[in-house]
Amino acid sequence: MSARILEGKVFAQQFKEDAGRRAAILREKHGVTPGLAVIIVGSNPASQVYVRNKHKSCEELGIYSEVIELPEETTKGELIAKIDELNLNKRIHGILVQLPLPQQIADCEAEILNRIDPAKDVDGFHPVNVGRLVTGEPGLVPCTPAGCIRMLELADIPMDGKKAVIIGRSNIVGKPMLHLLLARNATVTICHSHTQDLAAVTKEADILVAAIGKPKFVTADMVKPGATIIDVGINRIAPKKLVGDVDFEAVKEVAGAITPVPGGVGLLTVAMLMQNVVKAAELQVGK
Ligand code: NDP
């Protein structure tokens, strides 16, 4: 039997409705309109599309949004000065620096991102927010893994006591996913490029998360029958063709539930960003 398809748009819509409702409460009860500032340096076409989508989502939900476009040759000092200004701006509750940064400042990425006030760090990348996630304190969590977990909850897929396997250990996806699943009482294994006999590990998983960046890497023989498969990968294999890290057509015949690419996790990420902006505003007004 073919797997249940976990459609990103269904869950993204629920995240957005929730963010819109909470934004309205902040406006009506506290006189605060949540605000997001997105800084984009240079003219990377993919980044421009992402930034436009974020701005559009804010407008739909009554979230104030500013896009700050800086030239390609912006220096580290100029970018940091802009972040400092936004850290003090009362209209702005969330700040996001669109990655990748141009070559001349790419090496200083960590220093630049760490300059964002942790209270406004809606990407959840600041070490203070990473620490809060690890220790289980309330904070801002990276949007992609937070979206995946919320989707599992809304889809009624049990995590408590289940075996979860994550392929990929990036700071953006794999590592935060580990802590989010652990906090929901899953038994979690994280794999990477040095893992030996990967298929033997993945075949044990009730929940398998693929965040590798390799097209169709996870094949049907790596999957336990009935497992839930979350495909975070986005790989462009032709100008108009995106595929995930999972061989969707084959794996859906074995899995119990699976996210498609496109139309899966990617849609959750922007919707979860809206939730993070509202959450940042709630935390800042002490709600
Ligand atoms: P990274 O490149 O930072 O990490 C990839 C991970 O995969 C690394 O930990 C690497 O291991 C591991 N890996 C690579 N090759 C293998 C292998 N042969 N066997 C086992 N593990 C392997 O990627 P990201 O986490 O940033 O992104 C992963 C994918 O998710 C990409 O396709 C990206 O585009 C997509 N993505 C999608 C988002 C969305 O909104 N849907 C958001 C963010 C990312 P090692 O550490 O040993 O090198």
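The values are calculated or read from the model by the stated rules, or taken from the named source; none is laboratory data. Keep in mind the model is a prediction, meaning the values are calculated, not measured. Every residue, glycine among them, receives a Cβ derived from its backbone with ideal geometry; neighbour counts consider all protein chains shown.
Among (1) surrounded by 14 or more Cβ atoms within 10 Å (Cβ to Cβ); (2) more than 19 Å from residue 285 (Cα to Cα), which single condition is residue 110 missing?
(1)
Out of all the residues in the range 41-78, which are crowded, with 20+ Cβ neighbours inside 10 Å and over 27 Å from residue 18 (Cβ atoms)?
Listed by number, the list holds a single entry, 41.
Residue 118: of a type outside the set (Val, Ile, Thr), surrounded by fewer than 22 Cβ atoms within 10 Å (Cβ to Cβ) and farther than 17 Å from residue 82 by Cα, yes or no?
So residue 118 fails the test.
Check residue 50 against each of (1) out of contact with any Ser or Thr (no Cβ under 7 Å at 6 or more places or on another chain); (2) over 25 Å from residue 137 (Cα atoms); (3) outside any helix (DSSP H, G or I); (4) of a type outside the set (Gly, Ala, Ser) and name the one condition it does not meet.
All conditions are met except number (3).
Out of the helices (runs of 4 or more DSSP H) lying entirely within the range 73-152, which hold 2 or more residues that are over 21 Å from residue 277 (Cα atoms) and in the same structural domain as residue 62 (by TED's automatic domain parsing)?
76-88, 103-106, 109-113
With the requirement that a residue be within 14 Å of the ligand (Cβ to nearest atom) and basic (Lys, Arg), what does the range 217-238 give you?
236 - this is the single residue of the range 217-238 that is within 14 Å of the ligand (Cβ to nearest atom) and basic (Lys, Arg).
Working only within the range 252-287, note down all residues that are more than 16 Å from the ligand (Cβ to nearest atom) and in the same structural domain as residue 209 (by TED's automatic domain parsing).
Passing the criteria: 252, 253, 254, 255, 256, 257.
Tell me which residues, restricted to the range 174-216, are surrounded by 19 or more Cβ atoms within 10 Å (Cβ to Cβ), within 14 Å of the ligand (Cβ to nearest atom) and more than 21 Å from the chain's Cα centre (by Cα).
202, 205
Do we find a residue being in contact with a Gly (Cβ under 9 Å, 6 or more places away or on another chain) and not in a loop (DSSP other than H, G, I, E, B) anywhere in the range 192-208?
no
Could you please tell me which pairs satisfy a Cβ distance under 9 Å, a separation of 6+ or placement on different chains, a first residue in the range 209-238 that is at positive phi, and a second residue that is part of a strand (DSSP E or B)?
Listed by first residue and then by second, the contacts come to 213/235; 216/235; 216/237; 216/243; 216/246; 226/257.
Take the range 53-68 and flag every residue that is assigned to a strand (DSSP E or B) and under 12 Å from residue 96 (Cα atoms). Quick ask: steps written out before the conclusion?
Kept after step one, since they are assigned to a strand (DSSP E or B), are these residues of the range 53-68: 64-68.
The answer is 65, 66, 67, 68.
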